[in-house]
Every structure is written in structure tokens, then in C-alpha cells.
1. So, in the range 21-74, exactly how many residues are farther than 19 Å from F164 by Cβ and in a helix (DSSP H, G or I)?
2. Hey, among L159, L169, which residue is at pLDDT 80 or above, surrounded by fewer than 22 Cβ atoms within 10 Å (Cβ to Cβ) and in a helix (DSSP H, G or I)?
3. Within the range 44-84, how many residues are aliphatic (A, V, I, L, M) and surrounded by 19 or more Cβ atoms within 10 Å (Cβ to Cβ)?
4. Keeping to the range 1-31, report how many residues are modelled with pLDDT of 75 or more and either in contact with a strand residue (DSSP E or B) (Cβ under 7 Å, 6 or more places away or on another chain) or open to solvent by 80 Å² or more (accessible area, probe 1.4 Å) (or both).
5. Out of the range 135-151, which residues are in contact with a helix residue (DSSP H, G or I) (Cβ under 6 Å, 6 or more places away or on another chain) and either without any contact (Cβ under 8 Å) to a residue 24 or more places away in the chain or open to solvent by 10 Å² or more (accessible area, probe 1.4 Å) (or both)?
6. Are any residues in the range 7-20 in a helix (DSSP H, G or I) and in contact (Cβ under 8 Å) with a residue 12 or more places away in the chain, and if so, which ones?
7. Does L110 meet the test of being within 30 Å of I201 (Cα to Cα), touching an Asp or Glu at 6+ places or on another chain (Cβ under 9 Å), modelled with pLDDT under 75 and part of a helix (DSSP H, G or I)?
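The values are calculated or read from the model by the stated rules, or taken from the named source; none is laboratory data. Just so it is clear, the model here is predicted, and its values are computed rather than measured. Cβ atoms come from the backbone with ideal geometry, glycine included; neighbour counts cover every protein chain shown. Quick note on the areas: whole protein, heavy atoms, side chains included, nothing else; ligands and nucleic acids left out. Shrake-Rupley method; radii C 1.70, N 1.55, O 1.52, S 1.80 Å.
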Amino acid sequence: MITYSLMAVLAIGLASNLDNAGVGIAYGVQKIRIPWYSNLAIAIISFLATLVSGLFGSLISIWMEPWVGQVIGTVVIVAVGVWVLLQPFREKSSRPEPEGSNGSNFTRLLSNPEEADRDSSQSISLAESLLLGIALAMNALAGGFNAGITHLNVWLTSLSVGFFSFVLLALCSLFGERYAAEKLGNRATVVSGVLLIIIGIHQML
């Protein structure tokens, strides 16, 4: 049981941050730097998002039967997994938005992460990292809620999410800069969605 819980914590941390891999590669390809302090700010945002949603999930689980919590946790994380999985296909079929249109800023940032570099400095400043961090933390909200409502350790899950956020963004940015592997970005998004779905289904077995 302890081994499964640890594996689930690590899997949620990884799945919640595979979008970071795609964004890191996109930045590396375009030679946009992510200073360590900006990367740390993004990781802290993901950590806090996971912690808050996890504590909320834990609070809700007090008033319900364990199996109900498992069902809700599974539905939430599988639904997010499906949504993530469909993103690349939605982006292909969607029409370009008119210039100056706000649209969904978070979705646009994940589709075009270079937009976070608003001053075109080829470096993500601390202020710019805040908006990017919020966009990248969307999956972390679902992972944290799932951990809380299924009685996984919320603090460990939050630390796992923050750790993978920092490491994947840093490593994949370097990888993208050296190897220009643009196609791996979309694949990371697909893998993220599949992994979230697998986590949710496995919790019901």
C-alpha cells in the first residue's frame, strides 16, 4: 500500500507537469531563456495550486464514503486527462483568433508559450513567469484534488508536482535548445493526458 501510494504521488507529479516538457522544448527551440528564479516561481505556483486543491479534496472527503471519494477523484482526473489529450487536436481544428483578442489566455500560452515573453527579451522574467506558472498549474489542480479526495499524502504530492515542474522545464528547455525537437512538445501533451487517465482508472481497480 505504501509503495502504491508513493508511485501514485510520483505519477501525479509527473503527469501534472508533462506540459512543462512541451513548453520547455518550445522555449529551447526559440532560444528563450528561463532563469532559475523564474523556473522556481513557476514550480512554487504549481506546488501551491496542488496543495490548495489537495487540502480542499481532503476536506470534502471527510463527509463522504471512501468509495464515493474514489469515484469523484477518478472522474475528475480522467476528465482532465481527456481534455489534455484532446488539446493538440483542438488546436489544429481551431481558427486563428483575431489579433488583440484575449481568448483563453491560459490555453493560448500553452499553445504558443513564446507569448509569455511579452517584452521580447528572449528571457522569461519573474513577472512573466507568474502568468505562465498559473497556466501550467491547471493540471496540478486536478492532481492535487485527486490526491486529497483519495487520501494520498497531499504534502508529498505537492512537493512531487513542484519538483517535476522545476526539473522538466529546465531539462527540456536545454534539450530543445540543443536538439530542436519541436515534435516532442505535442507528444508530451498526449502522454500527459494518457497518464492522467491511467492513474484515474487504476484507482478504481
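1. 17
2. Numbers: L169 fails: surrounded by fewer than 22 Cβ atoms within 10 Å (Cβ to Cβ).
Checking each option against the conditions leaves just L159.
3. 8
4. The qualifying residues number 3.
5. Of everything in the range 135-151, those that are in contact with a helix residue (DSSP H, G or I) (Cβ under 6 Å, 6 or more places away or on another chain) and either without any contact (Cβ under 8 Å) to a residue 24 or more places away in the chain or open to solvent by 10 Å² or more (accessible area, probe 1.4 Å) (or both) turn out to be L141, F145, T150.
6. Selection gives A8, V9, L10, A11, I12, G13, L14, A15, L18, D19, N20.
7. For L110, the condition - within 30 Å of I201 (Cα to Cα), touching an Asp or Glu at 6+ places or on another chain (Cβ under 9 Å), modelled with pLDDT under 75 and part of a helix (DSSP H, G or I) - is met.
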